[in-house]
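Peer 1: This is the structure I have questions about; it appears just below.
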Amino acid sequence: MTWHLAGKLADLDPDTVGVVTIEGQQIALYLLEDGVFATSNICTHAYACMSDGYLEDGIIECPIHAGRFDVRTGKALGAPVTVDLETFEAKVEDDAIFVKMP
Amino acid sequence: MSDPIVIVGAGQAGGRTAAAVRAALPEAPILLVGAERHPPYERPPLSKDLLLGRSTPEQAHLQPAVFWEEQKITLRLGTEIRWLDRQARRLTAADGSGMVYDRLVLATGGRPRRLTIPGGDDPRVRYLRDIDDALALRAAIRPGLHVGIIGGGVIGLEVAASARGLGADVTIIELGPKLLGRMLPGSLGDWFAELHRSKGVTVCTGTALTAIEPATDGLVLRLAGAETLRCDLVVAGIGIVPNTELAAEAGLDVDDGIVTDAAGRTGDPSIFAAGDVARAFHPLLGRHVRLEAWRNAETQARTVAAALAGAELPPPDVPWFWSDQYDLNLQAAGLPRAWDDLVWRGDPAAAKFTVIALEDGVVVGGVAVNQGRDMRPIQNMILAGRPVDRAALENPRIQLAATARNLGAAS
């Protein structure tokens, strides 16, 4: 596992979910009060990008069927989503965001 | 051991009610009875992935088979309930067997409205309501076939998109002036007509179907104005009729649906209703409505289960709905009967836009095409029920989330 450069902190805000492709996988980046978090960007229910979704109170809502996931744990919070989102460790150094991946 | 809580109708609302009752009442005997042979499943995939051959019936099931056993929910499938005796608290099935209930939930859903025009009862006219309908349709649609679709509502349009995806030629016949006329403002119905036309579908709105006649290997649709349309396959999607007969014959209040209060209670304190069959009082709309939507089944199931358990009811939901056609996602929220203002945001030409409906400056509804992130702010603004900053709604540089938050904060 190594830290991959994922983006700039300045590109995120509480309403804007970032997206980056690392090792061929789309990763969503979220700016919450307690830091930056990262999950797989593809909904586990149908093909949709969480980066197009609605973020509030640490919960990301999928843009096509409103399935909700806890951004910090990836946990699927109820129908229509039942499979959790994969999460990745993220950290910020200076203005740079890093995500830990194989 | 008390008599069971019996749920008649093992569809999405019935299945979710059973699961939610079990979660709230670990010891209560629960019997879930359904006329279909399938375990509880949700219907959205039937006109989309299942019809396209991209998913299996099992993927539409609410839960794997073991779930019902593990939850100690007795599941009786392929069992149609024919009679409800409220005095004796007893149900009688078509096979003559009986079951008593302590409390009863009616989640009997609806059946497709049938064509009544001459020839409309031809057995080859297909409807799409259950898994078996979808599987039969999937097997029948082949590239190059001409599929006639009667009805320009959600089912008709989703089947049209899926049929195109399977390589068929498609014609949509809609009686009213607009597609999705029950759901959307007319200007949006026009946009959807153009969407389907751009995909090669022939769209005929304001067109009455007057008769259906048999033809070699197909059917002929006779349209008003003497036009005829030869089709290899015909699918009618003209709405559902709620299955209220059991309730009506038992003397419960029925009015295009089983009438209930906001908690799903009928006039009989032991009987509840949920899902497509229920005409429930909606506190946000201030009137009774019968909603035919996935989220409604989810919410009403949780609400009825809470009422049965004597627990706090979940807060009322803004009516919300989605439809997927081709690679496009449509969502709509609110159920306004009137609006005096529509604000468009985004780029209709790029199929990424939002339309917000206002009445007296208050957001009463909204529609998003490929812009689902706008739906939560729209629902929040509907809930707020206060006049919104219209200039902010119109300004593409101001996020809807910010406008909604400001509205919420200003109290």
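Nothing in this text is a laboratory measurement; each read-out follows from the coordinates by a stated rule. Fair warning: this is a prediction, and the values are worked out from it, not measured in the lab. Positions of Cβ are generated from backbone atoms using ideal geometry, with glycine treated the same way; all protein chains shown enter the neighbour counts.
Peer 1: Near the amide H of B:Ile172, under 5 Å away, which other amide H atoms are found, from residues 5 or more places off or on another chain, if H is placed in the peptide plane?
Peer 2: Sorted by chain and number, the residues that satisfy this are B:Ile149, B:Thr202, B:Val203, B:Cys204.
Peer 1: Under 17 Å from a point placed 7 Å out from the Cα of A:Val92 along the Cα-to-Cβ direction: which residues of region A:27-45 have their backbone N that close?
Peer 2: A:28-39
Peer 1: Next question. Looking at region B:1-107, what % of the alpha carbon pairs are farther apart than 25 Å?
Peer 2: Cα-Cα pairs in region B:1-107 separated by more than 25 Å: 23 percent.
Peer 1: Also, quick follow-up: Hey, could you get me the Stokes-Einstein D for region B:120-202, Kirkwood radius over alpha-carbon pairs, 4 °C and 1.567 mPa s, rounded to whole µm² s⁻¹?
Peer 2: 98 µm²/s
Peer 1: Please figure out what share of the DSSP beta bridges in the protein assembly as shown is antiparallel and state it in percent, rounded to the nearest 5.
Peer 2: 70 percent
Peer 1: In addition: So for chain B, averaging the separation of alpha carbon pairs under 8 Å that are six or more residues apart and normalising by length, what relative contact order in percent results?
Peer 2: For chain B, the relative contact order is 13 percent.
Peer 1: While we're looking at this one, here's another question. Which of rounded, prolate, oblate describes chain B, given a ≥ b ≥ c as roots of the alpha-carbon gyration tensor eigenvalues and a/c under 1.5 marking rounded, otherwise prolate only if a/b is larger than b/c?
Peer 2: Oblate shape, in that a/c is at least 1.5 and b/c is the bigger or equal ratio.
Peer 1: Peptides B:394-403, B:324-333, B:5-14: what's the order by average Cβ count within 10 Å, highest mean first?
Peer 2: Answer by packing, highest mean first, reads B:5-14, B:324-333, B:394-403.
Peer 1: Now for a separate question. Give me the compactness ratio for region B:82-133, meaning the Cα radius of gyration over 2.2 N^0.38 Å.
Peer 2: 1.67
Peer 1: Still on this structure, please answer the following. Collect residues whose amide H, placed 1.01 Å from N in the peptide plane, falls under 5 Å from the amide H of B:Gln325; neighbours closer than 5 in sequence don't count.
Peer 2: The answer is B:Leu330.
Peer 1: While we're on this one: If eta is 0.692 mPa s and T is 37 °C, what Stokes-Einstein diffusion coefficient results for the protein assembly as shown, Kirkwood Rh from Cα pairs, in µm²/s?
Peer 2: Roughly 133 µm²/s, to the nearest whole number.
Peer 1: About the Cα centre, and with charges only on the beta carbon of Lys, Arg (+1) and Asp, Glu (-1), how big is the dipole of chain A? Nearest 20 debye, please.
Peer 2: For this selection, approximately 360 debye.
Peer 1: Just the C-alpha atoms of region B:130-177: what Rg/Rh do they give, with Rh taken as the Kirkwood radius?
Peer 2: 0.97
Peer 1: Same structure, new question: Compute the projected area of the convex hull of the Cα atoms of region B:271-328, averaged over all viewing directions, and report it in nm² to one decimal place.
Peer 2: Its Cα hull, projected and averaged over all orientations, spans 4.7 nm².
Peer 1: Projected onto the charge dipole of the protein assembly as shown (+1 at Lys/Arg Cβ, -1 at Asp/Glu Cβ, origin at the Cα centre), which of B:Ala13, B:Ala392, A:Tyr30 gives the Cα projection farthest towards the positive end?
Peer 2: It is B:Ala13, whose Cα lies furthest towards the positive end.
Peer 1: Other chains near B:369-376: what is the mean number of their Cβ atoms within 10 Å of each residue's Cβ?
Peer 2: Mean partner-chain Cβ count within 10 Å for B:369-376: 5.
Peer 1: Take region B:228-328, drop everything but the C-alpha atoms, weight them equally and run the Debye formula without solvent; then report log10 I(q)/I(0) at 0.14, 0.22 Å⁻¹ to two decimals.
Peer 2: -0.59, -1.15
Peer 1: Another question about this same structure. In whole Å and largest first, what semi-axes does the C-alpha gyration tensor of region B:312-411 yield when each eigenvalue is scaled by 5 and square-rooted?
Peer 2: 20, 17, 12
Peer 1: For region B:32-123, what relative contact order do you get, as a whole percent, if you take Cα pairs closer than 8 Å and at least 6 residues apart?
Peer 2: 24 percent
Peer 1: Something else: Got a sec? Charge dipole of the protein assembly as shown, +1 on Cβ for Lys and Arg, -1 for Asp and Glu; which of B:Val318, A:Ser40, B:Ala93 is way out at the positive end?
Peer 2: B:Ala93
Peer 1: Continuing with this model, one more query. Extending each Cα 7 Å along its Cβ direction at B:Asp3 and B:Leu135, get the distance between those two points in nm, one decimal.
Peer 2: 3.6 nm
Peer 1: Let me ask another. Based only on the alpha carbon positions, what is the Kirkwood hydrodynamic radius of chain A, in angstrom?
Peer 2: Computed over chain A, the radius equals 13.2 Å.
Peer 1: Still on this structure, please answer the following. So which GluC sites (Glu not before Pro) in region A:12-102 end up in coil per DSSP with only 10 or fewer other C-beta atoms within 10 Å?
Peer 2: A:Glu23, A:Glu33
Peer 1: Counting every Cα pair in region B:153-306, what percent are over 26 Å apart?
Peer 2: Here the tail beyond 26 Å accounts for 44 percent of pairs.
Peer 1: Summarise the partner chain shielding of A:46-55 as one whole number: the mean count of Cβ atoms from other chains within 10 Å of each residue's Cβ.
Peer 2: The shielding value for this peptide is 3.
Peer 1: Can you find, among B:Leu188, B:Leu157, B:Leu135, the residue sitting farthest towards the positive end of the charge dipole of region B:129-217, where Lys and Arg contribute +1 and Asp and Glu -1 at Cβ?
Peer 2: Looking along the dipole axis, the top candidate is B:Leu188.
Peer 1: Further question: What is the set of long-range amide H partners of A:Val81 at a cut-off below 5 Å, with H atoms built 1.01 Å from backbone N?
Peer 2: So A:Val81 has HN proximity to A:Arg68.
Peer 1: Another question about this same structure. Given contacts defined as C-alpha pairs under 8 Å and at least six residues apart, what's the relative contact order of region B:271-369, whole-number percent?
Peer 2: Taking the mean separation of contacting Cα pairs over the length of region B:271-369, I get 18 percent.
Peer 1: Let me ask another. What is the mean projected area of the alpha carbon convex hull for region B:190-252, to one decimal in square nanometres?
Peer 2: Across all orientations, region B:190-252 yields a mean hull projection of 7.5 nm².
Peer 1: When chain A is modelled as a GNM with alpha-carbon springs shorter than 10 Å, which of A:Ala28, A:Ala90, A:Ala79 fluctuates the most?
Peer 2: Highest fluctuation of the listed residues: A:Ala79.
Peer 1: Something else about it: Provide the packing ranking of B:56-68, B:368-380, i.e. peptides ordered by the mean count of other C-beta atoms within 10 Å per residue, highest first.
Peer 2: Packing proxy ranking, top to bottom: B:368-380, B:56-68.
Peer 1: Measure of size requested: the Rg and Dmax of region A:35-92, with Cα atoms as the atom set and Å as the unit; please supply both.
Peer 2: Cα only, region A:35-92: 10.2, 33 Å (Rg, Dmax).
Peer 1: What helices in chain B pass both tests, a Cα length along the helix axis of 20 Å or more and a mean Kyte hydropathy of -1.0 or higher, using whole DSSP H runs?
Peer 2: Helices passing the filter in chain B: B:294-309.
Peer 1: Sticking with this structure for a sec: Explain nothing, just the number: dipole magnitude of the protein assembly as shown about its Cα centre with +1 on each Lys and Arg Cβ and -1 on each Asp and Glu Cβ, in debye rounded to the nearest 20.
Peer 2: 880 debye
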